[in-house]
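What follows is a short report on a single structure.
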Amino acid sequence: MVYAALTMAPMIGATVAAFDGDAVRRMPGVLAVVDVSSALEGRTGAGAGVAVVASTWWQARQAAQALPVAWQPGEGAALSSAAVLAGL
């Protein structure tokens, strides 16, 4: 069995612009780094992200936290708590 940890989009509508999988591939236990956004057929926001697969959950989590990811902001870039409250 292998484990995965995700680095998810920080805002609604964001997409993965780039990530440096090579920066974490040499970490202990890391088996793969995968952009999971492509599996979602154009979905963005909460579904956009990068997974690190490793031998243990802790190794996957440590690598996911160290993974450099650049995000392309989407329609949620200007969204704030104040804007949500105003909309309600």
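The values are calculated or read from the model by the stated rules, or taken from the named source; none is laboratory data. The structure presented is a predicted model; accordingly, all values stated were derived computationally and were not measured. Every residue, glycine among them, receives a Cβ derived from its backbone with ideal geometry; neighbour counts consider all protein chains shown. Heavy atoms of the whole protein, side chains included, go into the accessibility calculation; ligands, DNA and RNA do not. Shrake-Rupley method; radii C 1.70, N 1.55, O 1.52, S 1.80 Å.
Assorted remarks:
- Test: Val2 is touching a strand residue (DSSP E or B) at 6+ places or on another chain (Cβ under 6 Å) and either open to solvent by 50 Å² or more (accessible area, probe 1.4 Å) or hydroxyl-bearing (Ser, Thr, Tyr) (or both): yes
- Counting residues in the stretch 75-86 that are touching a strand residue (DSSP E or B) at 6+ places or on another chain (Cβ under 8 Å) and surrounded by 14 or more Cβ atoms within 10 Å (Cβ to Cβ) gives zero.
- Just so you know, in the stretch 19-77 the residues that are modelled with pLDDT under 95 and among the hydroxyl-bearing types (Ser, Thr, Tyr) include one that is farthest from Met1 (Cα to Cα), and it is Thr44.
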